[in-house]
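Visitor: The following block contains the structure, expressed as structure tokens.
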Amino acid sequence: MTRGVRGATTVENNEAGEIIEHTRTLVLEMAEKNNIKPEDVSHAFISVTKDVDAAFPAKALREINGWKYVPVMCMQEIAVPGSLPKCIRIMMVVNTDKQQTEVEHTFQREAVKLRPDLLEDVQKDQQK
């Protein structure tokens, strides 16, 4: 079965090193939380807001050991007025036996504001 695993983070500055670093941290946490190995990943889409253009975040995945051959595509997020600035979002499509409700989505830094409902679900499950 394939499932989508969501992740998002933000950067403080539109600088290549920071974009790569925060993307790498996000991908590693997404993989750890969901027990994802690179060979489980069908592909990943990475979107950025228009104020993040100093580097391709996909470079971070290519630099992670074992992730070199994972197909990744970067694109620009829709510029909705009032949306979260300097944001990097990932949609990773993986082969997994997990049910959709068991997938743990990852939101870091200012991106925790994007889907508080998903974070609340995880917290409730951890308290059980």
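The values are calculated or read from the model by the stated rules, or taken from the named source; none is laboratory data. Please read all numbers here as calculations on a predicted model, not as lab measurements. Reconstructed Cβ throughout: ideal geometry from the backbone, glycine too, with neighbour counts over all protein chains shown.
Visitor: Output the number of residues of the range 74-101 satisfying the condition of being farther than 15 Å from residue 7 by Cα and either touching a helix residue (DSSP H, G or I) at 6+ places or on another chain (Cβ under 7 Å) or among the charged types (D, E, K, R) (or both).
Guide: Going through the range 74-101 one residue at a time, the tally reaches 4.
Visitor: Would you check if residue 30 is exposed (fewer than 11 other Cβ atoms within 10 Å of the Cβ), hydrophobic (A, V, I, L, M, F, W, C), closer than 18 Å to residue 5 by Cα and in contact with a Ser or Thr (Cβ under 7 Å, 6 or more places away or on another chain)? Spell out how you get there, then give the answer.
Guide: Numbers: exposed (fewer than 11 other Cβ atoms within 10 Å of the Cβ): no; hydrophobic (A, V, I, L, M, F, W, C): yes; closer than 18 Å to residue 5 by Cα: yes; in contact with a Ser or Thr (Cβ under 7 Å, 6 or more places away or on another chain): yes.
So residue 30 does not fit the description; no.
Matching residues to (1) surrounded by fewer than 17 Cβ atoms within 10 Å (Cβ to Cβ); (2) of a type outside the set (Lys, Arg); (3) at pLDDT 95 or above; (4) outside any helix (DSSP H, G or I):
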| site | (1), (2), (3), (4) |
| --- | --- |
| 73 | yes, yes, yes, yes |
| 81 | yes, yes, no, yes |
| 98 | yes, no, no, yes |
| 122 | yes, yes, no, no |
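Listed here are the residues, each with its yes/no results for (1) farther than 25 Å from residue 99 by Cα; (2) small (Gly, Ala, Ser).
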position	(1), (2)
2	no, no
23	yes, no
31	no, yes
36	no, no
44	no, yes
52	yes, no
63	yes, no
77	yes, no
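Visitor: Continuing with this model, one more query. Would you mind telling me which numbered condition in (1) over 27 Å from residue 116 (Cα atoms); (2) surrounded by 14 or more Cβ atoms within 10 Å (Cβ to Cβ); (3) out of contact with any strand residue (DSSP E or B) (no Cβ under 7 Å at 6 or more places or on another chain) residue 60 fails?
Guide: Residue 60 satisfies every listed condition except (1).
Visitor: Determine, yes or no, whether residue 36 is surrounded by 12 or more Cβ atoms within 10 Å (Cβ to Cβ), in a loop (DSSP other than H, G, I, E, B) and in contact (Cβ under 8 Å) with a residue 12 or more places away in the chain. Reasoning before the result, please.
Guide: Details: surrounded by 12 or more Cβ atoms within 10 Å (Cβ to Cβ): yes; in a loop (DSSP other than H, G, I, E, B): yes; in contact (Cβ under 8 Å) with a residue 12 or more places away in the chain: yes.
Against the criterion (surrounded by 12 or more Cβ atoms within 10 Å (Cβ to Cβ), in a loop (DSSP other than H, G, I, E, B) and in contact (Cβ under 8 Å) with a residue 12 or more places away in the chain), residue 36 qualifies.
Visitor: Additional query: Restricting attention to the range 39-57, report how many residues are crowded, with 19+ Cβ neighbours inside 10 Å and not in a loop (DSSP other than H, G, I, E, B).
Guide: Going through the range 39-57 one residue at a time, the tally reaches 4.
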